[in-house]
Amino acid sequence: MDRIRIRGGNRLNGTINISGAKNAALPLMIVSLLTPETLTLNNVPRLADVRLLQRILQNHGVDIMIAGKRPGQNGQSGDVKQLSARTIADTTAPYELVSKMRASFWVLGPLLARCGEAKVSLPGGCAIGTRPVDMHLQAMEKLGAEIAIEAGYVVAKARNGLRGNRIVFDKVSVGATHAALMAAVLAQGETVIENAAREPEIGDVAQCLVKMGARIDGIHSPTLRISGVTSLHGAEHTVIADRIETGTYAMCAGMTGGDVMLRGARSDTLGSVIDVMRKAGIAVDETNEGLRVQRNGRALEPVSVATAPFPGFPTDCQAQLMALMTMADGTSTIRETIFENRFMHVQELARLGADIHLNGDTAEVRGVRKLTGAPVMATDLRASVSLVIAALAAEGETMLNRVYHLDRGFETLEDKLAACGADVARLSGN
Ligand code: UD1
């Protein structure tokens, strides 16, 4: 297993190209199941989760071609992927694959919509919480599917096709909104999705579906209105910039007191994170190239933040903010309202000298003057990158183990940081 070694203390100065968003690329790839024609996706990040989803889609019969671009070309460094689901060879998504990545469960909606049946393994638990799929199943039932749970699998059938309906979600779910949207585009008649998630990645998927011939009103709003069509055609779409990666590198720059240009970053998807960074004393300026993040000599101010669905502060940046606040000039409070167990990073940050107290869903982070490098363990994707942020400012050497968590969601992290002056290296497991 690979490890990442970081020797802290260097300021970050330079430019980082922001990759395509993982959380948009995954559902966009799944959208390919909805049409027999070719869907071309540009700016797809090179990530372990993307490779895993590729295997899952190939199992359903999707033919996938990849053509790369050089880093920096057109400001984008991702792959161009062409996905063609001419026929669906298999409507089963097996446990061995789905259990490795939750988002693969989202194939349920498109398979049902296109084939009238699907058998998809329940995803199981994960490190950040129980993460049920009840809302996904309710949405499919509203659209006329019959659902049974058999031996750990969701077996869904809609013999006469899906029918439009009104779907009102009790709470905001990104995945359930994706599922309902992807199924409704091919359902007969009108579907209204209320209390839909408004995360920018959902807007990106909806815009791609529109290019493919779907009829969707209210994109980016909490009410999506869909008029079902009988078929979708091929299209070309560019994956939006990753706002979580952007927020993460912004915090790296803030933590080390550097000056970094985040090329290709979009401020319109990152308002709440930018507000919090500014409150913390970090300058964030929008330029033609992207976002420039600087903290030259100013102290880090403590902040009080609660995570919330978009446009609130993203849970996917909570761990990173906590790492940043470990060295603030005072006490911060960070409340996690989306996932009940998303504090696995607290104990690892403590190994570096952080002073954090947990009380239910709230962490009180008392700023310390210094962190010290230590061996630490990555527990999940965002938690592991919070350890990188802390390590960049810690005295001495930090060895981050279980790097595969990072590789799920951050493309060439060590190269991007090293190019800005960080002392970071990947040590191969063998
Ligand atoms: C997606 C993101 C993940 C992000 C999360 C919240 C992707 C690939 N993943 O995950 O990075 O952290 O949104 O922004 O885009 N819930 C239910 N029943 C359901 C579905 C969800 O109770 O059927 C609950 C969850 O347990 C959680 C909350 O709803 O408490 C929000 O989860 P959801 O938005 O669905 O997260 P994901 O789509 O899994």
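The values are calculated or read from the model by the stated rules, or taken from the named source; none is laboratory data. None of these values were measured; they are calculated from a predicted model. Cβ sites come from the backbone with ideal geometry, for glycine too, and all protein chains shown count toward neighbours. With ligands, DNA and RNA removed, areas are computed over all heavy atoms of the protein, side chains included. Shrake-Rupley method; radii C 1.70, N 1.55, O 1.52, S 1.80 Å.
Tilt of helix 22-31 relative to the longest C-alpha principal axis of the chain, in degrees (0 to 90, nearest 10)?
The angle comes out at about 10 degrees.
Determine the per residue accessible area of the range 346-430 with all protein chains present and a 1.4 angstrom probe, expressed in square angstrom.
Accessible area per residue: 40 Å².
Please report the spacing between the Cα centers of the range 1-25 and the range 364-415 in Å, no decimals.
11
Tell me, what HN-Hα J-couplings in whole Hz come from the Karplus equation 6.51 cos²θ - 1.76 cosθ + 1.60 at θ = phi - 60° for each residue of the range 96-105, using x for Gly and Pro?
Working through the residues one at a time gives 4, 8, 5, 5, 7, 8, 4, 4, 5, 4 Hz.
Output the pairs from Lys81/Lys279; Lys100/Lys279; Lys279/Lys416; Lys100/Lys370; Lys119/Lys416 with a Cα-Cα distance over 29 Å in this structure; if there are none, say none.
Violating the 29 Å Cα-Cα cut-off are Lys81/Lys279; Lys100/Lys279; Lys100/Lys370; Lys119/Lys416.
Using a probe radius of 1.4 Å on heavy atoms only, what accessible surface per residue do you get for the range 197-291? Whole Å² is fine.
In whole numbers, the range 197-291 has 35 Å² accessible per residue.
At 25 °C and a viscosity of 0.890 mPa s, what translational diffusion coefficient does Stokes-Einstein give for the range 237-346, taking Rh as the Kirkwood radius over Cα pairs? Give it in µm²/s as a whole number.
In µm²/s, the coefficient rounds to 174.
Suppose only helical runs count, i.e. DSSP H with n ≥ 4. What mean residue ellipticity at 222 nm does that imply for the chain under -39500 (n - 2.57) per run, divided by all residues and rounded to the nearest 500 deg cm²/dmol?
-8500 deg cm²/dmol
Where both residues lie in the chain, what percent of DSSP beta bridges are antiparallel, nearest 5?
Once the DSSP bridges in the chain are tallied, antiparallel ones form about 70 percent.
Taking θ = phi - 60°, what integer Hz values does the Karplus form 6.51 cos²θ - 1.76 cosθ + 1.60 yield along the range 389-403, in sequence order, with x for Gly and Pro?
4, 5, 5, 4, 9, 7, 6, x, 9, 10, 10, 9, 9, 6, 5
Rounded to a whole number of µm²/s, how large is the Stokes-Einstein D of the chain at 4 °C and 1.567 mPa s, given Rh as the Kirkwood radius over C-alpha pairs?
59
Quick one: longest stretch of the chain between exposed loop GluC sites (Glu not before Pro), exposed meaning at most 14 other C-beta atoms within 10 Å and loop per DSSP?
1-288
Using amide H atoms built in the peptide plane, which far-off residues or other-chain residues are under 5 Å from Glu190 H to H?
For Glu190, the qualifying residues are Gly164, Gly228.
Could you compute how fast the range 362-422 diffuses translationally, taking Rh as the Kirkwood radius over C-alpha pairs and applying Stokes-Einstein at 20 °C with viscosity 1.002 mPa s? Give it in µm² per second.
171
Based on C-alpha coordinates, I'd like the Rg and Dmax of the range 325-430, in Å.
Rg then Dmax for the range 325-430, in Å: 14.0, 43.
Would you mind checking which residues have amide H under 5 Å from Phe313's amide H? H placed 1.01 Å from N; only 5 or more apart, or other chain.
It is Ala308, by chain and number.
In the range 89-233, what percentage of the DSSP-assigned beta bridges are antiparallel, given to the nearest 5?
Once the DSSP bridges in the range 89-233 are tallied, antiparallel ones form about 75 percent.
For a quick check: with amide H placed at 1.01 Å from N, whose amide H comes under 5 Å from Gly290's, ignoring anything fewer than 5 positions away on the same chain?
Gly264
From the backbone phi of the range 356-363, what are the Karplus-calculated ³J(HN,Hα) couplings (6.51 cos²θ - 1.76 cosθ + 1.60, θ = phi - 60°) in whole Hz, Gly and Pro given as x?
10, 10, 9, 9, x, 8, 10, 10
I'd like the distance separating the alpha-carbon centroids of the range 227-272 and the range 154-177, in whole Å.
For the range 227-272 versus the range 154-177, the Cα centre distance is 28 Å.
Summarise the accessible area of the range 294-430 (1.4 Å probe, protein heavy atoms) by the percent that is carbon and sulfur.
Of all accessible area on the range 294-430, carbon and sulfur atoms account for 47 percent.
Which value does Rg/Rh take for the range 159-242 over its C-alpha atoms, Rh per Kirkwood?
Over the Cα atoms of the range 159-242, Rg/Rh equals 0.95.
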